[in-house]
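The values are calculated or read from the model by the stated rules, or taken from the named source; none is laboratory data. Quantities reported herein were computed from a predicted structural model and do not represent experimental measurements. Neighbour counts are summed over all protein chains in view; Cβ atoms, including those assigned to glycine, are modelled from backbone coordinates with ideal geometry. Just the protein is used for accessible areas: all its heavy atoms, side chains included, with ligands, DNA and RNA removed. Shrake-Rupley method; radii C 1.70, N 1.55, O 1.52, S 1.80 Å.
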Amino acid sequence: MPSPASAAPPRLDRKAVGAVVLGNALEFYDFTIYAFFAKSIGATFFPSDSPTDSLLASLALFGIGYVMRPVGGVLIGAFADRAGRKPAMLITIALMAVGMLMLAACPGTAVIGGWAQVIVIAGRLIQGLALGGEVGPSTAFLIEAAPARHRGFVASWQIASQGCAALFAGLFATVLTLVLGDAAMADWGWRLMFGLGLLVVPVGLVIRSHLPETAGEGHDPAAAASTGAVLGRLLRRHGRMLGLTFLVIAASTVSNAVGTNMPVYAGATLGLSEMAANAVPIALGLASVIFPLLGGWLADRFGRRPVMVWPRALILVLAVPAFLWMLRAPSALNVYAVTFLLSALSSINAAAIIVAIPEALPRAVRSAGLSIVYALSVSIFGGSTNYVVNWLIAATGDRMAPAYYLAAFSLVGTVAALLLPETRGRDIHVDTATRG
């Protein structure tokens, strides 16, 4: 009888993949909607005589949730390595729902005063805890359950689910704006967008509760005995790899944040209409649905490292010319085209990243490794990028600030990806404790 460590992985069906990637989709749906309605959220919870101050306060609230991501990455990621992927995934999706509900249902500052700010800050912290621990267990589950030849493609659904979420967010927001009008959307309609995201949570909980467990019994008992033991083993044996992947994910995170900031950039910086700016996430979503799957297929065919390097290098080359083009010819079509191009390249790159990192780690620390490095990178750069680029534009008057920021991080990400090992074809179902 084969040991669990070497047994064949459980069969994945579409329903199981959908349930696993749902948490990642909810994250990006929330990410997109928040960036989309940052001005309205700021006016509701941080009213000010200065629209810029209100917007920056709203973006700061968005960043607060990222403070808890590393904590979630450590606690939930290590928990998934000790107790299993499935219980960790149930915890994260439930906590996500609580955080979204607190933001969507909280009365504004005009109604309950400063308590509104306390409630929404608490909600963002709870959600940050959940999101920090989501990506590690769910991605570990996918690559452990997928056929070896198709791990890149299966894992790429994690990134494609983000694109689906952004696409739906853009479509829903556009339709609601047409039906309700700009004033109603700014006043209360944005709350409906968060409510729509909450509707899928019960389905995700039910399906996730029936998933098989992929963590197996092949752990080193000493390494899995406690969270501290998992972290100690991870840092001692895989510190260099985690450092490089932190930089690779940082570049990807900045790309995503610049893309989701495009509605604000189109309206506040380029002066496009509310309707034109509101449709930007549709271009973002379309590229993010199609191209991650292409990236996963390419990573299975040609290897993980080339697909991490070349798209990121192209973003490095194209970021500045693309933003110059938008500034010299500001139109909705040009903004959509640039958003689509940069999102397509970033999505191909991200699909290779999401499979390469967990493949490079042994199963006993796989979830914690990915959770921690992802949460730390996203907490620093995902929560700050929108604020930083808008602040730079306001402080310097240079409307090219997002392009320079994106190009700088793409340079770092390209170099780091070149230094990572190739993991295509690696056997991830054996005890690889000596690796690293």
Of the residues that make up the range 62-81, is at least one touching a helix residue (DSSP H, G or I) at 6+ places or on another chain (Cβ under 6 Å), of a type in the set (Lys, Arg), part of a helix (DSSP H, G or I) and closer than 16 Å to residue 375 by Cα?
yes
Any idea how many residues of the range 234-279 are closer than 12 Å to residue 36 by Cα, of a type in the set (A, V, I, L, M), in contact with a Gly (Cβ under 7 Å, 6 or more places away or on another chain) and assigned to a helix (DSSP H, G or I)?
2
Which of the residues belonging to the range 17-47 are over 20 Å from residue 252 (Cα atoms) and open to solvent by less than 10 Å² (accessible area, probe 1.4 Å)?
19, 20, 38, 41, 42, 45
A careful count of residues in the range 389-417 that are in contact (Cβ under 8 Å) with a residue 60 or more places away in the chain, assigned to a helix (DSSP H, G or I) and more than 29 Å from residue 140 (Cβ to Cβ) gives 12
Can you find a residue in the range 278-296 that is of a type in the set (S, T, N, Q) and open to solvent by 40 Å² or more (accessible area, probe 1.4 Å)?
no
Of all residues in the range 369-388, count the ones that are surrounded by fewer than 24 Cβ atoms within 10 Å (Cβ to Cβ) and either assigned to a helix (DSSP H, G or I) or touching an Asp or Glu at 6+ places or on another chain (Cβ under 7 Å) (or both).
6
Mind checking which pairs have a first residue in the range 142-154 that is without any contact (Cβ under 8 Å) to a residue 12 or more places away in the chain and a second that is not hydroxyl-bearing (Ser, Thr, Tyr) and not in a loop (DSSP other than H, G, I, E, B), Cβ under 8 Å, 6 or more apart or different chains?
none
Take residue 172 and tell me if it is part of a helix (DSSP H, G or I), among the aromatic types (Phe, Trp, Tyr) and over 17 Å from residue 200 (Cα atoms).
no
Check on residue 330, closer than 21 Å to residue 271 by Cβ and open to solvent by 30 Å² or more (accessible area, probe 1.4 Å)
yes
